[in-house]
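To start, the structure itself, in structure tokens.
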Amino acid sequence: MNIDPENKCVLNRKVHIKYLLRFLEGLPSEFTSCDTTRITIAYFIISSLDILNSLNLVDAERRNHIIEWIYSLQVVNDEDLVSGFQGSSTVNTLFNRNSNSLYKWSHLAGTYCGLCSLIILGDDLSKVNRGAIIKSLKSLQLTDGCFTGAKSGTENDMRFLFMAASICYILNDWSAIDATKAIGFIKNSISYDYGIGQGPELESHGGSSYCAVATLCLINKLNVLSTMQIEGLRRWLLNRQVTGFQGRPNKPIDTCYSFWVGAALKMLNAFQYSNYEDNRGFILATQNNIVGGFSKWVNTHSDPLHTYLGLAGLSLIGEKGLNDIVPSLNITYRALEHLRHIQLQWT
């Protein structure tokens, strides 16, 4: 991999901000296939602007419009236990306007991204039906302790356990999670190499290791891992660094793992043993200095996910001008402070 020395040390803030603001006008044509997950893309864009300390460029009228749009995706249905947030309104048609249907149900990804976005934008969450969300969330935990993403038609793995824990943390209500079963699922997913897979007997992965560690931190149970398990996981994660980080052994390095692996190491108090300069060099080599944004690999198309996680990875190493990010919850400390203020109003 060749890194352009002119790009290695410079974060091109202006072009990235321009790229992000463009998405608030609507999805570019090349991303129309992602319309059903529009709320997730919105989260990547809004949180990226927060990390760049540039949310002030989104005026009050636009913020209110986005907040209203997010709330329009809230589903409240205690009878079918499908409350939460949809990914978008794409599947809301004339034919199902007055009824629930499979894809109109909430999804944990939509609920997590919707809540985070509302917090980042400064909303007070007063319109969130917390009780309905918690009640529906409780029905999604499986007997092995994991969570499924929605009532039916979706996967179940470590990602959704993390999202469930994050939702409970945000809403300050842990009644939806059987913590003993959740911890058991995580411990059963630790592989022979001490990395953590998406579930028991599955390959160790940087993303699922992050989700497992973050979940344990959110429920304040990181101490359930033995010293050997923690040291082994630290070693496995540190070995994922080449220049940037890879998600699995013998795979290419990828911008997003600078956060997934980096944040896991941060929570395990071992991030300081990684090579910040090499990591930073790779991330900045994936930025597009013409269109803006970051890409998965060098010299490929930028996208909102890798833009956000690239910026989040830079935040972890203390890049100048970026807001610090909370490793476990994946929002900035500025946003977390606002969340804590909201939670105080609930007590």
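The values are calculated or read from the model by the stated rules, or taken from the named source; none is laboratory data. What you see is a predicted model; the values in this text were computed from it and never measured. Here the Cβ positions follow ideal geometry from the backbone for every residue, glycine too, while neighbour counts run over all protein chains shown. Please note that ligands, DNA and RNA were not included when accessible areas were found on the heavy atoms of the full protein model with its side chains. Shrake-Rupley method; radii C 1.70, N 1.55, O 1.52, S 1.80 Å.
What is the percent carbon and sulfur in the accessible area of segment 1-123, measuring with a 1.4 Å probe over the protein chains and ignoring ligands?
That fraction is 51 percent.
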Handout entry: Proximal aspartates and glutamates relative to residue 138, as straight alpha-carbon distance under 13 Å, when same-chain residues fewer than 8 apart are discounted
Key = 78, 80, 173, 178
Fill in the blank from the handout: The ³J(HN,Hα) series, computed from each phi in segment 322-328 with the Karplus coefficients 6.51, -1.76 and 1.60 at θ = phi - 60°, rounded to the nearest Hz and given as x for glycine or proline, is 9, 6, 6, 10, 7, x, 7
Practice task
Using a 10 Å Cβ count of at most 11 others and DSSP loop calls, identify the longest part of the chain lacking such chymotrypsin sites (Phe, Trp or Tyr not before Pro).
Solution key: 193-347
Practice task
Send over the semi-axes of the chain's equivalent ellipsoid, whole angstrom and largest first, taken as the square roots of 5 times the C-alpha gyration tensor eigenvalues.
Solution key: 30, 26, 18
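Are there trypsin sites (Lys or Arg not before Pro) in segment 256-347 that DSSP marks as loop and that have at most 16 other Cβ atoms within 10 Å, and which are they?
320
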Problem - Helix-only mean residue ellipticity at 222 nm for the chain, each DSSP H run of n ≥ 4 adding -39500 (n - 2.57), per residue, nearest 500 - result: -14000 deg cm²/dmol
Handout entry: GNM top mover of 77, 269, 98 - the chain, alpha-carbon springs below 10 Å
Key = 98
Practice task
Excluding residue 176 itself, calculate the net charge of residues whose Cβ lies under 13 Å from the Cβ of residue 176, where each Lys or Arg counts +1 and each Asp or Glu counts -1.
Solution key: +2
Practice task
Calculate what fraction, in whole %, of the accessible area of segment 283-347 sits on carbon and sulfur atoms when a 1.4 Å probe is rolled over the protein chains.
Solution key: 54 percent
Exercise for the section: Leaving out ligands and nucleic acids, note down the accessible area per residue over segment 138-240 with a 1.4 angstrom probe, in whole Å². Expected result: 42 Å²
Completion exercise
Relative contact order in percent for segment 227-300 (Cα pairs under 8 Å, 6+ apart) equals 28 percent
Exercise for the section: Assuming a ≥ b ≥ c are the square roots of the Cα gyration tensor eigenvalues, decide whether segment 208-347 counts as rounded (a/c under 1.5), prolate (otherwise, with a/b larger than b/c) or oblate. Expected result: oblate
Practice task
Determine how large the accessible area of residue 205 is when every protein chain is in place; take a 1.4 Å probe and give Å² rounded to the nearest 10.
Solution key: 50 Å²
Fill in the blank from the handout: Most fluctuating of 281, 131, 84 in the GNM of the chain (C-alpha, under 10 Å) is 131
